[in-house]
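These notes concern the structure reproduced below.
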Amino acid sequence: MTEQRIILLTGCSSGIGAYCARALKADGWRVFATVRKEEDLASLEADGIEALLLDYTRPETISATVATVRERTGDRIDALFNNGAYGQTGAVEDLSTDVLRAQFETNFFGWHELTRQIIPLMRKQGHGRIVNCSSILGLIPYRFRGAYTASKFALEGLTITLRMELQDSGIHVSLIEPGPIATRFTANALAKVHEHIDLEGSVHAAEYRRQLRRLDGSGPINKHKLGPEAVYDVLKSALNVSNPRPHYLVTTPAKQGVLLKRLLPANLFYRLMRRLD
């Protein structure tokens, strides 16, 4: 009888993380899913998922989660899916350094700390899968998303370096670059821009008003936006194939963007990106 595989996922209160946790459970995995808020535990537990509290900005919660998983599984974990993140909207000149630092604490440094604590377990057992949910903005910059873009560019570099360093260890490392996915991500981004950006005092005030219409749903709808099941389709491949890819692009805009960046001269490509809504 095949032994049940064990996976730890982060950012599972909604969206990609919540969908993937339940889909993995249905596919036979033993799932440990983390959330930041205690009130989000119950819905996961009701579906037979072992839910834990983890906040990437609080190292003690990372260590506690790893300790709990180790205790319950006998020091075994087959896969890690780093997913929890948020997006800080705002022009680079309008972002305080503290706001940028907070973006990196959640989207980058916390991921690094959790991954470092998991790797020794995978080395000891001789196998493992590490999948980081990045973004197409980790490959292609987009104006007014400088903080999020910077955090994902950093994640891309760190992840691919890790992949090379773990070659021949039995541990495979991959990145997923989704593009537009239907989640609460934009609602959370809307809250962050109101919290940290002086919208009317900025030289970009008119542009912010237009951008906010996209975030609050009153502007044009992105017809290329897919559901979180599209991310799960590629996550399954990264977890199951014998030689997973370094990069998994999900949506049409993500695939088109990477192709155009490869084909067009840099100046032309960035001018094109500057005109995108």
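Data table
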{"quantity": "Selection from the stretch 33-42 of residues that are open to solvent by less than 60 Å² (accessible area, probe 1.4 Å) and free of Cβ contacts under 8 Å to residues at least 40 places away in the same chain", "calculated": "Ala33, Val35, Asp40, Leu41"}
{"quantity": "Residue satisfying all of: in the stretch 167-192; in contact with a helix residue (DSSP H, G or I) (Cβ under 7 Å, 6 or more places away or on another chain) and assigned to a loop (DSSP other than H, G, I, E, B); nearest to Tyr232 (Cα to Cα) among these", "calculated": "Pro178"}
{"quantity": "Only listed residue being more than 21 Å from Val250 (Cβ to Cβ) and touching a strand residue (DSSP E or B) at 6+ places or on another chain (Cβ under 9 Å), chosen from Leu139, Leu121, Leu100", "calculated": "Leu121"}
{"quantity": "Hits in the stretch 13-39 (condition: part of a helix (DSSP H, G or I) and of a type in the set (A, V, I, L, M))", "calculated": "Ile16, Ala18, Ala21, Ala23, Leu24, Ala26"}
{"quantity": "Close pairs from the stretch 88-102: first under 16 Å from Gln211 (Cα atoms) and assigned to a loop (DSSP other than H, G, I, E, B), partner among the hydrophobic types (A, V, I, L, M, F, W, C) and open to solvent by 60 Å² or more (accessible area, probe 1.4 Å), Cβ under 9 Å, at least 6 apart", "calculated": "Gln88/Leu100; Ala91/Val203"}
{"quantity": "Breaking point among (1) crowded, with 24+ Cβ neighbours inside 10 Å; (2) at pLDDT 95 or above, for Gly90", "calculated": "(2)"}
{"quantity": "Pairs where the first residue, in the stretch 147-169, is over 11 Å from Leu137 (Cα atoms) and hydroxyl-bearing (Ser, Thr, Tyr) and the second is part of a helix (DSSP H, G or I) and open to solvent by 40 Å² or more (accessible area, probe 1.4 Å), C-beta under 7 Å, 6+ apart", "calculated": "Ser169/Arg123"}
{"quantity": "Meets criteria (under 24 Å from Asn240 (Cβ atoms) and more than 19 Å from the chain's Cα centre (by Cα)) for Ile6", "calculated": "yes"}
{"quantity": "Residue match in the stretch 193-214 (condition: more than 24 Å from Arg101 (Cβ to Cβ), open to solvent by less than 30 Å² (accessible area, probe 1.4 Å) and outside any helix (DSSP H, G or I))", "calculated": "no"}
{"quantity": "Evaluation of Gly110 against (1) buried (at least 22 other Cβ atoms within 10 Å of the Cβ); (2) small (Gly, Ala, Ser); (3) within 28 Å of Arg210 (Cα to Cα); (4) free of Cβ contacts under 8 Å to residues at least 60 places away in the same chain (one fails), failing number", "calculated": "(3)"}
{"quantity": "Unmet criterion (only one of (1) touching an Asp or Glu at 6+ places or on another chain (Cβ under 8 Å); (2) aliphatic (A, V, I, L, M); (3) more than 17 Å from Ser134 (Cα to Cα)) for Ala254", "calculated": "(3)"}
{"quantity": "Inter-residue pairs, beta-carbon under 9 Å, first within 17 Å of Thr183 (Cβ to Cβ) and β-branched (Val, Ile, Thr) and in the stretch 224-249, second part of a loop (DSSP other than H, G, I, E, B) and open to solvent by 80 Å² or more (accessible area, probe 1.4 Å), 6+ apart", "calculated": "Val234/Arg245"}
{"quantity": "Qualifying residue in the stretch 67-77 (condition: surrounded by fewer than 16 Cβ atoms within 10 Å (Cβ to Cβ) and within 12 Å of Gly11 (Cβ to Cβ))", "calculated": "no"}
{"quantity": "Tabulated pairs, the stretch 53-71, first closer than 17 Å to Asn83 by Cβ, second hydrophobic (A, V, I, L, M, F, W, C) and open to solvent by 50 Å² or more (accessible area, probe 1.4 Å), C-beta under 7 angstrom, 6+ apart or interchain", "calculated": "Thr61/Leu53"}
{"quantity": "Subset of the stretch 2-12 that is open to solvent by less than 10 Å² (accessible area, probe 1.4 Å) and assigned to a loop (DSSP other than H, G, I, E, B) - its residue that is nearest to Gln125 (Cα to Cα)", "calculated": "Thr10"}
{"quantity": "Pick from the stretch 124-136, criterion closer than 15 Å to Ala254 by Cβ and among the hydrophobic types (A, V, I, L, M, F, W, C), ranking: modelled with the lowest pLDDT", "calculated": "Ile136"}
{"quantity": "Qualifying positions in the stretch 137-146 - open to solvent by 10 Å² or more (accessible area, probe 1.4 Å) and either without any contact (Cβ under 8 Å) to a residue 60 or more places away in the chain or under 17 Å from Ala238 (Cα atoms) (or both)", "calculated": "Leu137, Arg145, Gly146"}
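The values are calculated or read from the model by the stated rules, or taken from the named source; none is laboratory data. Since the model is a prediction, treat every value here as computed from it, not as a measurement. Cβ coordinates were reconstructed from backbone atoms using ideal geometry, including for glycine residues, and neighbour counts include every protein chain displayed. Accessible surface is based on the protein model in full, side chains and every heavy atom, while ligands, DNA and RNA are left aside. Shrake-Rupley method; radii C 1.70, N 1.55, O 1.52, S 1.80 Å.
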